[in-house]
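**Student:** Please see the structure below; I have some questions.
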Amino acid sequence: MSNGKRTRNVFDPGSDKPFKLSRTKLENFLKCPRCFYLDRRLGLKSLPQLPFTLNIAVDHLLKKEFDVYRAKGKPHPLMVEHGIKAVPFQHPNLDIWRENFQGIQYHHQPTNLLLSGAVDDIWQTPDGQIIIVDYKATSTEKEITLDDAWKGGYKRQMEIYQWLFRQNGFKVQKTGYFVYVNASKSRPTFDGHLHFDIHLLPHKGDDSWVESTVVAAKACLMSNLLPEPKAECEFCAYRKHSLEYEK
Ligand code: SF4
């Protein structure tokens, strides 16, 4: 490890063992195939990610709150308020599907990739369809929407989950929901409490891009060529310009 390289979770083109790829890594491939290749094929250690501890705490509390209604088999008041005819889904594998290093998994035979993703929540309609639900936390004075360009990643996240559950034989409703909580900064005092507004944002998912992306990610892993850096990436540009000063 001293040379900055990993040996775990590194793709070996000669191996016939299924290679695990999380939905986060697939998203990394979409953002920059070069970074993806450096990480998954060459085993370059990526920079450590600082944990978003406040967001993790909010996710945890939301899960606990929805679990109360799951145990009762009743809709959460937010679902009633928005006219959603469903209840939090009860399933023996739910905790596994929510677990970061396990999640819902699917072995995609044509590529021999084992795709996975950890969901925040699942609801179920009376006719047996499941609804993918994702929790998001922020603090902004702006209107809460899914319209910002960078939120395309949120939509793809939901669509991958929809795809994974469909591959596992579930009937998945096209519309999923983001439970989006916004911490207010306009209160006169802190008093050791954050106050959140809760928003429910629907997203009509289209998972038609997932399969071709999985195939493209596999082709990238099989290649012996390092993909080009993204022209617009400021980190690679910074590195390139900084090297010019070393000459
Ligand atoms: S272009 Fe950016 S994202 Fe891609 S390899 Fe370079 S630093 Fe990573």
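The values are calculated or read from the model by the stated rules, or taken from the named source; none is laboratory data. Bear in mind the structure is a predicted one, so any value in this text is a computation, not a measurement. A quick note on method: Cβ atoms are made from the backbone with ideal geometry, for glycine too, and the neighbour counts reach across all protein chains shown. The area values use the complete protein model at the heavy-atom level, side chains included, leaving out ligands, DNA and RNA. Shrake-Rupley method; radii C 1.70, N 1.55, O 1.52, S 1.80 Å.
**Student:** Taking R0 as 45 Å, what FRET efficiency do you get between Gln109 and Thr189 from their Cβ-Cβ distance, rounded to the nearest 0.05?
**Tutor:** About 0.15, to the nearest 0.05.
**Student:** Something else now. Taking the Cα centre of the stretch 20-244 as origin, work out the dipole magnitude from +1 charges on Lys and Arg Cβ and -1 charges on Asp and Glu Cβ, in debye rounded to 20.
**Tutor:** About 520 debye.
**Student:** Something else: Along Cα→Cβ, 7 Å out, is where each label goes; now give me the distance between the ones at Leu47 and Asn224 in nm to one decimal.
**Tutor:** 3.3
**Student:** Still on this structure, I have one more. For the chain, set up a GNM with springs between Cα atoms under 10 Å and report which of Gly117, Gly205, Gly14 has the largest fluctuation.
**Tutor:** Comparing Gly117, Gly205, Gly14 in the GNM, the peak value goes to Gly14.
**Student:** Could I ask something else about it? Tell me, how many Å apart are the Cα centres for the stretch 168-247 and for the stretch 20-97?
**Tutor:** That distance is 12 Å.
**Student:** Right, next: Working from Cα positions, state the angle (0 to 90°, nearest 10) between the long axis of helix 210-222 and the longest principal axis of the chain.
**Tutor:** Roughly 30 degrees between the two axes.
**Student:** Turning to a different aspect of this structure: Can you tell me the accessible area per residue over the chain, all protein chains present, probe 1.4 angstrom, in square angstrom?
**Tutor:** Result: 61 Å² per residue.
**Student:** Provide the percentage of antiparallel DSSP beta bridges, counting only those with both residues in the chain; round to the nearest 5.
**Tutor:** In the chain, approximately 65 percent of DSSP beta bridges are antiparallel ones.
**Student:** What is the packing order of peptides 175-182, 31-38, taking the mean over residues of other C-beta atoms within 10 Å and listing the highest first?
**Tutor:** Most protected by this proxy first, the peptides run 175-182, 31-38.
**Student:** Straight-line reach from Lys142: which lysines fall under 18 Å, measuring Cα to Cα and dropping same-chain residues less than 8 apart?
**Tutor:** Lys151, Lys185
**Student:** Now for a different question. Return the single residue from Leu115, Leu62, Leu194 with maximal mean-square fluctuation; model: Gaussian network over the chain, springs between Cα atoms under 10 Å.
**Tutor:** For the chain, modelled as a Gaussian network with Cα springs under 10 Å, the answer is Leu194.
**Student:** For Lys171, which aspartates and glutamates qualify as cross-link partners when the Cα separation must be under 20 Å and same-chain residues fewer than eight apart are set aside?
**Tutor:** Asp95, Asp120, Asp121, Asp127, Asp134, Glu159, Asp206, Asp207, Glu211
**Student:** What is the spin-label model distance, in nm, from Lys74 to Glu99 if the labels are put 7 Å beyond Cα along the C-beta direction?
**Tutor:** 3.1
**Student:** On to the next question. Would you work out which of His241, Leu38, Pro88 lies farthest towards the positive end of the dipole of the chain? Charges go on Cβ: Lys and Arg +1, Asp and Glu -1.
**Tutor:** Going by the Cα projections, it comes out as Leu38.
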